1. Taking θ = phi - 60°, what integer Hz values does the Karplus form 6.51 cos²θ - 1.76 cosθ + 1.60 yield along segment 50-61, in sequence order, with x for Gly and Pro?
2. How charged is the neighbourhood of GLY45? Take every other residue with its Cβ under 14 Å from the Cβ of GLY45, and add Lys/Arg as +1 and Asp/Glu as -1.
3. Would you mind calculating the gained length between LEU31 and LEU61 on full extension (0.36 nm times residue separation, minus the Cα-Cα distance), in nm to one decimal?
Amino acid sequence: MSPAGATSGEGTANSDGTTNSDGTTGRRATLEEKARRRAMLIRAGIYIFATHLFAGFVLLLFALGDRK
């Protein structure tokens with residue numbers, strides 16, 4: 001067990017002397033989680049926009065196909 005503040009082969013120890021399972025410290029893990037969450041929200045927004053665009057195109061095809 002590493003003493004508090006020491007470094008291990010996997011990453012820097014947290015203030016209580018532990019490291020996260022992926023070798024990151026608490027602050028770094030929080031920043032990475034925020035970055036992942038932001039990237040996920042951007043992707044979700046793009047998917048929602050693209051789905052609505054495709055649905056609008058399909059509705060346009062039905063509207064044009066119904067005309068005589």
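Values in this text are rule-based calculations from the coordinates and carry no lab data. Because the structure is predicted, anything quoted here is derived from the model rather than measured. No Cβ is skipped: glycine too gets one built from the backbone with ideal geometry, and neighbour counts run over all protein chains shown.
1. Each residue of segment 50-61 in turn: 5, 5, 5, 4, 5, 4, x, 5, 4, 4, 4, 4 Hz.
2. +3
3. 6.3 nm
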